[in-house]
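This report refers to the structure that appears directly beneath it.
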Amino acid sequence: MNKKEMICIVCPMGCRLTLQEDVNEEKGYKVSGNQCHRGIEYGIMEQVNPTRALTSTVKIKDSSLNRLPVRTDHPIPKAMLFECMKLLNHIEIQAPIKMGDIVVENVLNTGANIIASRSMA
């Protein structure tokens, strides 16, 4: 890998990062263009194991609405997003539910839970 450029999304600064392999660095990459230490962590993580928060909906019975908004409580590997969406497509829960309640625990063994994003009576 020569150089990879990306925009950091960790904070509102939106730093333009340049990521380059470097065997002399502890984590194997040199990151430049960051204005805070979080940019270094983000750049390396985005190259090695990109993760994303997942937001979606699931079916809900006995509620005024047909779908309940849900999200992961921690980011999951980007490569698992579509597999997780397929799983959520087959889930139907029973009302009532409170915001923050766990809908799916440890989804696909990622360590993240799918939680309700709102309460529904």
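The values are calculated or read from the model by the stated rules, or taken from the named source; none is laboratory data. Keep in mind that what you see is a predicted model, and the values were worked out from it rather than measured. Note that we place each Cβ from the backbone using ideal geometry, even for glycine, and neighbour counts take in every protein chain shown.
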task: Those residues that are among the aliphatic types (A, V, I, L, M) and either assigned to a loop (DSSP other than H, G, I, E, B) or farther than 22 Å from Ala53 by Cβ (or both), I need them from segment 1-18; list them, please.
output: Met1, Ile9, Val10, Met13
task: Kindly indicate whether Tyr42 is touching a Cys at 6+ places or on another chain (Cβ under 6 Å) and either at pLDDT below 95 or aromatic (Phe, Trp, Tyr) (or both).
output: yes
Odd one out for Ala112, checked against (1) of a type in the set (A, V, I, L, M, F, W, C); (2) crowded, with 16+ Cβ neighbours inside 10 Å; (3) more than 22 Å from the chain's Cα centre (by Cα): (3)
- request: Name the single residue, out of those in segment 83-101 being of a type in the set (A, V, I, L, M, F, W, C) and free of Cβ contacts under 8 Å to residues at least 24 places away in the same chain, that is nearest to Asn49 (Cα to Cα).
  value: Leu87
- prompt: In segment 39-53, is there at least one residue being among the hydroxyl-bearing types (Ser, Thr, Tyr), in contact (Cβ under 8 Å) with a residue 12 or more places away in the chain and part of a loop (DSSP other than H, G, I, E, B)?
  reply: no
